[in-house]
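The values are calculated or read from the model by the stated rules, or taken from the named source; none is laboratory data. Computed from a predicted structure; not experimentally measured. We place every Cβ from the backbone using ideal geometry, glycine too, and count neighbours over all the protein chains shown.
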Amino acid sequence: MSASIDDTVLCRLAGELWAVFAPWRGPWGGGGAAAAYLARRSFRSGAGLRWRHQGRDRDERDENVEALGRLERRGLLTRRVEKTKVIATRLLDAGIERACSLAGALCWLAGRDVCQRLTALDDDRATMTHLGTRWTAEWALAGTPPFWAACGGDETGRANRRLLSVHEERAIPALIRGWLLSGADLDGRVWYSLTTAGRAALTEAPADAPPATEPDADCALAWREGAHAMQVRLAAAPRSEREIGLLPLPVHGGPIVGGDVGPRGDVPTAGDQRGDRVAHLATRANVGGDMAATGAAESRLGRPATRTRRAQR
């Protein structure tokens, strides 16, 4: 049975949201970093993300807008309307969890688990402090070797990159809720920092897990389409003259593992492995690129979960 229009609209919006909050790994020279920052700020402020699903014709546009109204009445999202025209929408927690269930994505429980693992990690090699904020390397949280030193083009390297990508998918729910911050250096290596809200979430009794439902293929596709469309928009966004957006973290170029590897010239850098299409988009970002999938069907964001990135202002 095909999904209802309400569910597909909801999942498309969730896919867009995942793409906005996926750790931003570069490039740093275009307008994408500013676009990602502004989209995140708009969501966190309550204004939401710009509504773009006008449909292929008037009937489809009207159906989509009517679906938004029904979702709002169900307490799954809010919308901002100006002169009878929908300007922006913002998914609420209940809407996010329903979309995750419909599309088979990881929910807030995965994000909370990442926060717990971050607090429990005690490894000086994997942490640094920048402007008073403690950052922890993704490879330590994902349980892989430092990927810029140990993710070559062989099967082991591809497996490590897939583990890093899976970890990113688990972290995105926490990034959306403001429990974590993500930052990257110029080579696309991502670090995470636990926020005050994240610490507070860990002190509260965890809520019951959402009821398990069978993922719907139409909803999963809608999620991927939304994620891919948002990735394309962020990548193509013009530079803002008033906002520089996200900035890379000041991580040095070499690995952080004492004498385990040689100087940077001896390290098989991830940028040499851009062609790996086995892993999803976040993995491809991990290997030094910022390439979106050529189509929604390839987008891991909707498989679901996307990538974005964040670094310090």
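In the range 234-246, the residues that are over 15 Å from residue 19 (Cβ atoms) and among the charged types (D, E, K, R) reach residues that are at pLDDT 80 or above and part of a loop (DSSP other than H, G, I, E, B) with C-beta atoms within less than 8 angstrom, at least six apart or across chains, in these pairs: 239/31. Apart from one condition, residue 159 fits all of (1) touching a residue at least 24 places away in the same chain (Cβ under 8 Å); (2) out of contact with any helix residue (DSSP H, G or I) (no Cβ under 7 Å at 6 or more places or on another chain); (3) farther than 23 Å from residue 28 by Cα; the exception is (1). Looking only at the range 1-26, residues that are crowded, with 24+ Cβ neighbours inside 10 Å and closer than 30 Å to residue 186 by Cα come to 13 in all.
Residues are listed down the side, and each one gets a yes or a no for (1) over 28 Å from residue 96 (Cα atoms); (2) of a type in the set (A, V, I, L, M):
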{"site": "110", "(1), (2)": "no, yes"}
{"site": "117", "(1), (2)": "no, no"}
{"site": "128", "(1), (2)": "yes, yes"}
{"site": "156", "(1), (2)": "yes, no"}
{"site": "160", "(1), (2)": "yes, no"}
{"site": "166", "(1), (2)": "no, yes"}
{"site": "171", "(1), (2)": "no, yes"}
{"site": "178", "(1), (2)": "no, no"}
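Counting only helices (runs of 4 or more DSSP H) that sit completely within the range 140-255, those holding 2 or more residues that are of a type outside the set (Gly, Ala, Ser) and either closer than 21 Å to residue 109 by Cβ or modelled with pLDDT of 85 or more (or both) correspond to 155-176, 196-203, 217-236.
Return yes when residue 103 is of a type in the set (A, V, I, L, M, F, W, C) and surrounded by fewer than 23 Cβ atoms within 10 Å (Cβ to Cβ) and no when it is not. Taking the combined requirement at face value, the residue does not satisfy it. Residues in the range 44-88 that are closer than 19 Å to residue 21 by Cβ and either outside any loop (DSSP other than H, G, I, E, B) or touching a residue at least 60 places away in the same chain (Cβ under 8 Å) (or both): 44, 45, 49, 50, 52, 76, 77, 78, 88.
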